[in-house]
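In what follows, a structure is listed as structure tokens, so that the remarks can point back to it.
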Amino acid sequence: MTPFSLKIVTPDGLKYDGQVQELVVRSTTGDLGIMAGHINCVAPLGMGQAMLLIDGNKRYAACIGGMISVLDGKVTLVPTTFEWADEIDVDRSERSEERARAVLADKASNTTDIRLAEARLKRALVRQGVAERK
Amino acid sequence: MAGVSTKEIKNRIRSMESTKQITKAMEMVAASKLRHAQARVLNSRPYFESLYNVISDIVSANSEFSSPYLIPRAVKKSVYVVIAGDRGLAGGYNSNVLKLAVAEMKDKDVTVLPIGKKAVDYFRAHKVPMLTEQYGAAAEMNVGDCFGVAKQLCRMYLSGQVDEIHIGYTNFVSVLSQTPAVMQMLPLVAHPRAKEERQTDIMYEPGSEEVFAAIIPEYVGGILYGALCESRAAEQAARRTAMDAATQNADEMIADLSLKFNQARQAAITQEITEIVAGS
């Protein structure tokens, strides 16, 4: 497959800069697959797993928030957080899941807390799902 | 008389030495904090550059639709986000950025969102209306806070409560040089590159309006976080330089005072000898 150049930059630094054959990310409306020669496109990212096909090997990562842009064949992924499967701190994410579930189970929680807890729970589940794939 | 003055000089030397110890310690603390802050700035810079480039590419490529984020309105109300430090003793760091921000705000109906204790104190003292005082600790603000602020600002902008949003911060140019700057965040300003018309069309998924609605708060949050990182590094760099200068000044003064002390001591001894010789 024809490779294309991909750059992944997050507030914590450059995560990837090089050639990939295929990229699949979760946008706000569902999974978005990108291959070489893709039309120029911009989409906001949701919370989910990202898959990169590098030299025939699949690499997985948890990719949350931000956006993806394809302009003139150059793909730039600008997520808020991006963690490779082997970088994910599973313990931390499990603790985060527990906290979130506790808030959701508590009937006294207010709407803002519930919304935050839902987002946290979702992030934790995405991270755990990705961590299993390393 | 000579005796009194040697004692005085001795006291001054002693106090100068303890001051020097403090400035020296502060310099070393600032230097170590600077290393962390500098690493973070260098790490995060590509992110802001990409974010900025992508957004300005979209803005310049986009001809067919008009998002409220793109259209400048008649400016009635402005918001200035001003990032300063939490502590003083950092040379001109705080006053430079505050001075620049105030100069930019002149003749405008401004609400300020100060970040950092010094900024909060300054605008409170000058009775400038503030959006919130809750970000009185620049050092404790994290990415999440930045995105929270960005969402709030975007909501205010969309609802028409404010017509433009600027940010005042300090650019970390190098360890020796920091320059304060004010940048317009909203409405988006077309990049200089935008002049050349881009021929290609861009597909927006799911739709251009939704994309903009989702991306702009991210963009504002990212810029905010970037400015915060830059400012923090600049603060530590400014403090390090200022404390280094203070330590050097203390050294100079101690050398000067030691000379005076020795002169006074010698004068006293000479006088005593003269008195003894004269008396015998």
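Worth a mention:
- For region B:162-280, the residue among B:Ala278, B:Ser258, B:Thr179 whose Cα projects farthest onto the positive side of the dipole built from Cβ charges is B:Ala278.
- Remark: chain A carries a charge dipole of roughly 240 debye about the Cα centre, counting +1 on each Lys and Arg Cβ and -1 on each Asp and Glu Cβ.
- Projecting the Cα atoms of B:Gly136, B:Phe147, B:Ser159 onto the dipole axis of the protein assembly as shown, where Lys and Arg carry +1 and Asp and Glu carry -1 at the beta carbon, places B:Gly136 farthest toward the positive end.
- Rounded to 0.05, the FRET efficiency of the B:Ser18 and A:Arg99 pair, given R0 = 41 Å and the Cβ-Cβ distance, is 0.30.
- When all protein chains stay in place and ligands, DNA and RNA are ignored, the 1.4 Å accessible-area order of B:Leu176, B:Leu153, largest first, is B:Leu176, B:Leu153.
- In degrees, nearest ten, helix A:111-131 long axis to first principal axis of chain A (Cα): 50
- When nucleic acids and ligands are ignored and a 1.4 Å probe is applied, B:Met203 ends up with an accessible area of around 60 Å².
- Rg in Å to one decimal, and Dmax rounded to a whole Å, for region A:4-86 via C-alpha atoms: 11.2, 32
- Rolling a 1.4 angstrom probe over the protein heavy atoms with all chains in place gives region B:1-42 an accessible area of 72 Å² per residue.
- Efficiency of FRET between A:Ala36 and B:Glu140 - r from beta-carbon atoms, R0 51 angstrom, step 0.05: 0.70
- Inter-label distance, nm, simple model (7 Å from Cα along the C-beta direction), B:Met253/B:Ala181: 3.7
- The charge dipole of the protein assembly as shown, taken about the Cα centre with unit charges on the Cβ atoms of Lys, Arg (+1) and Asp, Glu (-1), comes to about 1000 debye, rounded to the nearest 20.
- Pairs over the 18 Å Cα-Cα cut-off, from the set A:Lys58/A:Lys122; B:Lys77/B:Lys99; A:Lys7/B:Lys151; B:Lys76/B:Lys106; B:Lys7/B:Lys260: A:Lys58/A:Lys122; B:Lys77/B:Lys99; A:Lys7/B:Lys151.
- Sequence of B:Asp57, A:Asp91 when ordered by accessible area, the most exposed leading, probe 1.4 angstrom: A:Asp91, B:Asp57
- Counting only alpha carbon atoms, the long axis of helix B:143-158 and the longest principal axis of chain B meet at about 50°.
- Full-stretch length increase - B:Lys260, B:Glu133 - with 0.36 nm per residue and alpha-carbon distance subtracted: 40.7 nm
- Overall, chain B carries a charge dipole of about 1000 debye about its Cα centre when +1 sits on the Cβ of Lys and Arg and -1 on the Cβ of Asp and Glu, all other atoms neutral.
The values are calculated or read from the model by the stated rules, or taken from the named source; none is laboratory data. This structure is a prediction, so every number in the text was calculated from the model and none was measured. Neighbour counts are summed over all protein chains in view; Cβ atoms, including those assigned to glycine, are modelled from backbone coordinates with ideal geometry. Heads up: the accessible areas ignore ligands, DNA and RNA and are worked out on the full protein's heavy atoms, side chains in. Shrake-Rupley method; radii C 1.70, N 1.55, O 1.52, S 1.80 Å.
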